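Read the structure below first, then the notes.
The values are calculated or read from the model by the stated rules, or taken from the named source; none is laboratory data. In this text, all values refer to a predicted model and were calculated from it rather than measured experimentally. Cβ: placed from backbone, ideal geometry, glycine included. Neighbour counts: every protein chain shown. Side chains are part of the model used for accessible areas, which takes the heavy atoms of the whole protein and leaves out ligands, DNA and RNA. Shrake-Rupley method; radii C 1.70, N 1.55, O 1.52, S 1.80 Å.
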Amino acid sequence: MFGKLIYGQYSLKETFWKFGVLGIAFCALITRCFKAFLSQHLHGISLGDYYMHYFSPLKMDNMMLFLTIGYFVFAFVLCAYSIMVIFGVWRSAAEYDKSVWMRHIAKIMILVLVYGGLSFGL
């Protein structure tokens, strides 16, 4: 499935809407949930300050360890999935022959969508 996505073997409509919009929104939402739960346990300390100054994996309770691992795993999944979707939309837009405008609009919109998903999730 992901191989077909990367090589642009799905239609442009399916790649953009199903994998692009829904997939990135789903990954960003899960990442955002882990970030929100993690922020509640930090009691006002920002995530950057926590990981730079206070983070000690050996002294953490189990919930903080679970939330930390979940946040980093889903942040990585969001970034990797976004790259795969960009390649997929770019390649299926190259094969799209119905409208030149739709090719370019899909390329621009997927970049905007990935930026929005990354800024929302991370």
Among all residue pairs at least 6 apart or on different chains, which show Cβ distances below 8 Å where the first residue, located in region 101-122, is free of Cβ contacts under 8 Å to residues at least 60 places away in the same chain and the second is open to solvent by 40 Å² or more (accessible area, probe 1.4 Å)? Lys107/Trp90; Leu111/Ile86
Would a scan of region 39-55 turn up a residue that is more than 23 Å from the chain's Cα centre (by Cα) and within 15 Å of Phe16 (Cα to Cα)? no
Within region 60-110, restricting to residues that are of a type outside the set (Phe, Trp, Tyr) and outside any helix (DSSP H, G or I), the one that is surrounded by the most Cβ atoms within 10 Å (Cβ to Cβ) is Met60
With the requirement that a residue be in a helix (DSSP H, G or I) and either within 21 Å of Thr31 (Cβ to Cβ) or touching an Asp or Glu at 6+ places or on another chain (Cβ under 7 Å) (or both), what does region 41-59 give you? His41, Leu42, Leu47, Gly48, Asp49, Tyr50, Tyr51, Met52
Residue check for Tyr54: of a type outside the set (A, V, I, L, M, F, W, C), over 23 Å from Gly117 (Cβ atoms) and without any contact (Cβ under 8 Å) to a residue 60 or more places away in the chain: yes
Just to check your reading of the model, which residue among Val112, Val100 is of a type in the set (Val, Ile, Thr) and at pLDDT below 90? Val100
Within region 48-59, can you find the residues that are open to solvent by less than 100 Å² (accessible area, probe 1.4 Å) and either touching a Ser or Thr at 6+ places or on another chain (Cβ under 7 Å) or of a type in the set (Phe, Trp, Tyr) (or both)? Tyr50, Tyr51, Phe55
Could you grab me the full set of residues in region 71-100 that are free of Cβ contacts under 8 Å to residues at least 24 places away in the same chain and of a type in the set (D, E, K, R)? Asp97, Lys98
How many residues does region 1-33 contain that are open to solvent by 30 Å² or more (accessible area, probe 1.4 Å) and either under 13 Å from Gly70 (Cα atoms) or among the aliphatic types (A, V, I, L, M) (or both)? 9
